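The structure appears below as structure tokens.
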Amino acid sequence: MRNGSRQIWAVLTLAVGVFLFWLSSPPSPRFAHLPAHLPAGDRHIVDRTGSTEVAKPTTTALSASDSFTDEDLQSLLEDINPSNDWLVHLQKESKKRILRNPQKYGVEVIDQIAEINAIRFRVTSPSRALPFLQKLIKEDALSPNFPLRNPLPPREDAHSPDLGFGAGLIEWLGGHPHRDDIGKHVKIALLDSGVHAGHPSLSGASVSEKNFLPADAGLEGQGHGTALSSVIAGNIDGISGISPGSEILSYRVVNKQGETDSHTVARAIVTAVQDGADIINLSLGGDQGSAVLQQAVKYAQDAGVAVVAAVGNDGVGLVNYPAFYEGVVGVTSISKSGSVSRFANFGEGVDLAAPGVGVLTAWEGDDIVGFSGTSVATAIVSAALAGEMARNPQLSAKEAIELLYTQSNENGEQGVDEISGHGVLSLARLENRTNQAYEDPAIVGYHFPHSQAPGGATMPFEVIVQNQGNQPVQTMQLQVDYPGVQKTFLINQLQSGETRRETLYLQGRGGGQILEIRSELLLPHTQVDLRKENNLRLSAIEL
């Protein structure tokens with residue numbers, strides 16, 4: 001089970017305990033340095049260079065007098081949660097007690113989400129609130145109303161424009177070219193910036209909208225949600241979205257700066273479930289979770305709704321919430337080369353990879369752009385999931401998600417890994433999985449177990465071949481050429497979905513060098529192959 005919280009409250013628990021002791025004990029020498037700030041997390045953060053650091057708490061000194069006043073306690077709480085904006089998930093009876101008499105607990109209720117027993121509040125009397133807060137901390141039910149946001153755009157040096165998908169997205173994924181009815185009767189809830197439904201690319205799409213932002217938020221900043229809508233159900237210059245028959249339920253939770261908060265997203269998740277959503281797309285996230293956000297996700301999952309979320313664009317080994325939560329499909333990005341994008345976060349919580357570089361989408365006004373990031377990859381997975389649900393309405397959300405996993409293409413390490421999860425989304429395998437005549441042997445890519453060869457030593461790498469069709473491949477040859485080497489491997493009896501890895505070696509190659517590799521599958525003339533374009537792979541790989 002994944003940890004639903006990063007256990008950020010250890011320092012706060014200690015601080016509260018110390019204050020309660022002070023309030024019930026005779027005066028004693030003052031504390032010189034009382035930790036009063038929350039640690040950022042308890043998981044290792046790893047960047048793409050391989051360096052590792054542990055997120056550590058910062059601390060601030062709080063000078064205490066012989067008796068603590070409300071001002072002292074307020075200072076402590078402000079240091080922990082400057083906005084004084086708190087979320088708590090409670091048992092039903094506890095929630096009723098607080099709502100009946102919030103003053104007794106030293107709080108003012110801002111809002112509640114009755115369906116998940118969640119309350120949003122601010123502290124008005126720290127001395128009365130502290131015992132209440134301490135109890136909530138022990139129950140792992142309390143958190144600040146943590147900010148969430150759309151993932152920031154990837155750095156320009158984190159992806160190559162020439163590896164973008166452009167208008168060739170569906171062809172690359174192997175999807176059927178005629179898609180008008182795909183996704184019909186499936187509702188995708190898009191919790192995002194809102195959608196410019198008047199964009200020409202969405203003229204034939206079904207889009208309804210609800211706003212969760214303040215009335216004065218205006219209509220600016222809807223490009224992000226408009227882009228995701230177009231890749232799901234739009235039509236750009238005759239190029240269809242992946243699931244144009246789907247109905248988009250647009251919930252505007254993100255402002256024009258790309259920002260939102262846990263409570264707003266949790267409320268919109270609950271509303272999406274009540275509105276009959278089949279899939280909830282969350283191309284947003286943050287590095288802190290909360291019991292309230294987790295309960296909202298669970299509320300959706302318990303109602304049979306699939307939740308799909310972006311892992312983030314920071315290039316670190318820390319998957320964003322809510323993608324990190326158990327059962328949520330955490331989506332990473334790949335380029336047209338099939339390699340996972342360097343800007344994508346990785347680690348526990350990555351479940352599936354999908355195109356996320358230079359994808360042709362709509363934007364604000366009537367603009368068309370090349371969109372990069374795990375946000376658009378997430379929308380692509382949601383759309384593929386909608387297509388599968390429409391084709392097989394008897395499937396549960398869990399069963400449909402499992403099909404996306406089992407029908408994905410191998411990538412990198414064998415099996416499930418923390419870079420690409422179960423593999424790369426494949427419309428070809430999904431949409432042909434019941435077609436026994438479908439045959440497709442393919443070169444998947446390369447895997448380098450080590451980033452560089454120390455001191456001129458040889459460095460192994462693997463060439464990966466997969467049978468992505470539905471019939472066994474009896475025999476074929478794999479020919480690999482790279483500087484100074486040409487190797488041919490005989491591959492026999494490759495079953496449907498099975499992979500084969502052939503290991504080769506580089507001599508004295510270090511980090512920062514470019515390796516050009518040409519790999520080709522040579523098939524007997526009797527072997528059927530419906531996607532010959534994936535039999536040849538020309539790659540320039542930066543080690």
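Here are some notes:
- Within the stretch 306-320, being under 16 Å from LEU191 (Cα atoms) and either in contact (Cβ under 8 Å) with a residue 40 or more places away in the chain or surrounded by fewer than 24 Cβ atoms within 10 Å (Cβ to Cβ) (or both) holds for ALA306, VAL308, ALA309, ALA310, VAL311, GLY312, ASN320.
- Matching entry among ILE514, ILE491 (being outside the structural domain of THR406 (by TED's automatic domain parsing), hydrophobic (A, V, I, L, M, F, W, C) and modelled with pLDDT of 95 or more): ILE491
- Selection within the stretch 128-164: residues that are surrounded by fewer than 16 Cβ atoms within 10 Å (Cβ to Cβ) and outside any loop (DSSP other than H, G, I, E, B). The member of this set that is modelled with the lowest pLDDT is ASP157.
- So PHE346, is it farther than 18 Å from VAL231 by Cα and crowded, with 23+ Cβ neighbours inside 10 Å: yes
- In summary, ASP79 fulfils each of the numbered conditions (1) at pLDDT below 90; (2) touching an Asp or Glu at 6+ places or on another chain (Cβ under 7 Å) with the single exception of condition (2).
- Hey, ALA141 of a type in the set (A, V, I, L, M) and touching a residue at least 60 places away in the same chain (Cβ under 8 Å) or not: yes
- Condition met for ILE119 (part of a loop (DSSP other than H, G, I, E, B), surrounded by 22 or more Cβ atoms within 10 Å (Cβ to Cβ) and of a type in the set (Val, Ile, Thr)): no
- Of residues in the stretch 230-252 being over 18 Å from LEU169 (Cα atoms) and not small (Gly, Ala, Ser), the one farthest from the chain's Cα centre (by Cα): GLU247
- Those residues of the stretch 231-246 which are small (Gly, Ala, Ser) and either touching a Lys or Arg at 6+ places or on another chain (Cβ under 9 Å) or closer than 19 Å to ALA390 by Cβ (or both), in sequence order: ALA233, GLY234, SER240, GLY241, SER243, GLY245, SER246
- Every listed requirement among (1) at pLDDT below 95; (2) part of a helix (DSSP H, G or I) is met by THR264 save one, (1).
- Among the residues of the stretch 290-333, those that are of a type in the set (A, V, I, L, M) and under 8 Å from the mean Cα position of the chain (by Cα) comprise VAL308, ALA309, ALA310, VAL311, VAL319, ALA323, VAL329, VAL331.
- Comparison of ILE182, ILE170 shows that the only residue that is surrounded by fewer than 21 Cβ atoms within 10 Å (Cβ to Cβ), over 19 Å from ALA268 (Cα atoms) and not assigned by TED's automatic domain parsing to the domain that holds GLY469 is ILE170.
- Residues (of a type in the set (S, T, N, Q) and surrounded by fewer than 24 Cβ atoms within 10 Å (Cβ to Cβ)) located in the stretch 251-283: ASN255, GLN257, THR264, THR271, GLN274
- Considering only residues in the stretch 68-92 that are in a loop (DSSP other than H, G, I, E, B) and either of a type in the set (A, V, I, L, M) or free of Cβ contacts under 8 Å to residues at least 24 places away in the same chain (or both), the one that is surrounded by the most Cβ atoms within 10 Å (Cβ to Cβ) turns out to be LEU90.
- Within the stretch 380-415, if we keep just the residues that are free of Cβ contacts under 8 Å to residues at least 60 places away in the same chain and aliphatic (A, V, I, L, M), the residue that is surrounded by the most Cβ atoms within 10 Å (Cβ to Cβ) turns out to be LEU403.
- Boolean, TYR299 is among the hydroxyl-bearing types (Ser, Thr, Tyr) and either assigned to a loop (DSSP other than H, G, I, E, B) or buried (at least 24 other Cβ atoms within 10 Å of the Cβ) (or both): no
For (1) on the phi > 0 side of the Ramachandran plot; (2) in a strand (DSSP E or B); (3) over 19 Å from the mean Cα position of the chain (by Cα); (4) among the aromatic types (Phe, Trp, Tyr), each residue gets a yes or a no:
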| position | (1), (2), (3), (4) |
| --- | --- |
| ALA189 | no, yes, no, no |
| GLY198 | no, no, yes, no |
| VAL207 | no, yes, yes, no |
| ASP216 | no, no, yes, no |
| GLU220 | no, no, yes, no |
| LEU228 | no, no, no, no |
| VAL254 | no, no, no, no |
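- Unique match (being of a type in the set (Ser, Thr, Tyr) and touching a Gly at 6+ places or on another chain (Cβ under 6 Å)) among SER283, SER243: SER243
- Complete set of residues in the stretch 423-443 that are touching a strand residue (DSSP E or B) at 6+ places or on another chain (Cβ under 6 Å) and either in a helix (DSSP H, G or I) or buried (at least 22 other Cβ atoms within 10 Å of the Cβ) (or both): GLY423, VAL424, LEU425, SER426, PRO441, ALA442
The values are calculated or read from the model by the stated rules, or taken from the named source; none is laboratory data. All figures in this text were calculated on a predicted structure; none of them were measured in a lab. When we count neighbours, we look across all protein chains shown, and the Cβ atoms used for this are built from the backbone with ideal geometry, even at glycine.
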